[in-house]
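Working notes for the structure below.
The values are calculated or read from the model by the stated rules, or taken from the named source; none is laboratory data. Since the structure is predicted, the reported quantities are computational estimates derived from the model, not experimental observations. Quick reminder, even Gly has a Cβ in these numbers, built from the backbone with ideal geometry, and neighbours come from all protein chains shown. We work out accessible area using only protein heavy atoms, side chains counted, and drop any ligands, DNA or RNA first. Shrake-Rupley method; radii C 1.70, N 1.55, O 1.52, S 1.80 Å.
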Amino acid sequence: MSAHEIQPGPGLVDKAPAATPLRAVELTQPIVQPTARAARVKPRHRMAVISFFVCALLPIILVVCYLYLIATDQYASRSAFSVRKESVNATMSLLGGLTNLSSGTSDIDVIYEYIQSQGLVDVVDKKLDLRKKFSANYARDPWFSLKENAPIEDLVSYWNRMVSVQLDQRAGIIRLETRAFTAADAQAVNAEILQQSSLLIENLSRITQNDAIRFSKDEFDQATERLRKVRLEIAALRRSSRMIDPNADLQSQMGVLNRLEGDLAAALVEQDLLQETSSKNDPRLLQLERRIRAIRNRIEAERQALANQNVPDGLAVDGVIDSITNEAAGAITDEPAPAEDANNTAPTKPELTSMFSTYEALLVDQQFAERAYVSALASYDEALAEARRKSRYLATHIMPTLAEEPQYPQRFISALVAATLILLLWVLGILIAYSIRDRR
């Protein structure tokens, strides 16, 4: 058989016709690729393996050795607290009302920020010497210890590593965990944080109380001054009118007018009776007529006085108010009131109607001033009473605990996290290296 002839198989004989050309039969055969050569280890493969041992496996071994052989044990102390506020029911405060307790969420936020602040770290460091406690193992364990004579910035950063604060906004509770190289130091730091937080809450409460007292005192002083001024005006009105109570004098004058009208009615009845039984020249009838005229004249005079008719210029309402104001001002400044003009012919007692209207206006002002004074005095007394008690305080639900065995550093978790991170960085480095090689 020549090289160009093909021996068809059984399948080809059944399917292909007898007259199929030789070229068509060649195209139906699969193309066989040449066999690949055996893979050989290249320099880049050796570099990848070497980099794995140097950049991944060796750092993982070093981290594990450091965690299990060198890292110093750390003890944890835990506590939990909230800020409570003692509030007084305003409707019952004057009667020594009941108190209820409510949480101060805003105070909790302040404490949460304060625990992580440099101010608290500085205070605790001065009392407990944090630098000495945290740097005692620096020569052996530099990673988990604070370096000696560290600045305040490094101390604050290390503090936030050793102090864990969790805030529950809904419940208003802070959960605090402090770590140190001894159980006693961890408990002491936790207790000091609680004490300083309590002092901060007391200072905030004191500032609020002082502001409330100052505001209540200002309101009380204003109410006192207003009441004193109104009472001085009433006293000046009484001196100028020479009447203790113009209302009582007006009622008295009305009583006089009523009695005169009764006397007039009785005299008229008696006159009618005498006219029926006596002559016109009867001396008793003439005497009754004179009496009736006198009573009518008196009634008219009283009515004119009550109606404020023919009021002299010096007895107008505006003049009375001006005189009251001048006398009140003189009483306040302890200066004598100006002497009256000798040519002033006004009577010393003004009409009751004008005086009554002025007096009623002053009484309304006095009643309002007295109510404002009582309210301001009650607010001032309540502010003072609130300042005498501790209205806001730190309620510790879990006292600082004393650990019996170390819980940190968490060696297995730390080693696992470090190994994962190192492997990811190594893989990322290999991918970057191969990407740069392929682009060349």
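The amide H of Ala395, built 1.01 Å from its N in the peptide plane, has Ser82, Val83, Arg84 as neighbours under 5 Å, considering only residues 5 or more places off or on other chains.
Applying a threshold of 25 Å to the alpha-carbon distances of Lys126/Lys147; Lys85/Lys127; Lys127/Lys147 flags Lys85/Lys127 as lying beyond it. The loop-placed chymotrypsin sites (Phe, Trp or Tyr not before Pro) in region 111-218, going by DSSP, that have at most 15 neighbouring Cβ atoms within 10 Å of their Cβ come out as Trp143.
Under 15 Å from a point placed 7 Å out from the Cα of Phe412 along the Cα-to-Cβ direction: which residues of region 53-76 have their backbone N that close? Only 68 pass the distance filter.
For region 360-440, the Cα-based Rg and Dmax, in that order, read 36.8, 106 Å. Rolling a 1.4 Å probe across all protein chains gives Lys85 an accessible area of roughly 90 Å². Heavy atoms of the protein chains alone define the surface here; on that basis region 155-226 has 49 Å² accessible area per residue at 1.4 Å probe size. With only the Cα atoms considered, region 162-244 has a convex hull volume of 129 Å³ per residue. Eigen-decomposition of the gyration tensor built on the alpha-carbon atoms of region 98-211 gives equivalent ellipsoid semi-axes of 31, 15, 12 angstrom, largest listed first.
Taking only protein heavy atoms and a 1.4 Å probe, the accessible area of region 124-196 is 47% carbon and sulfur.
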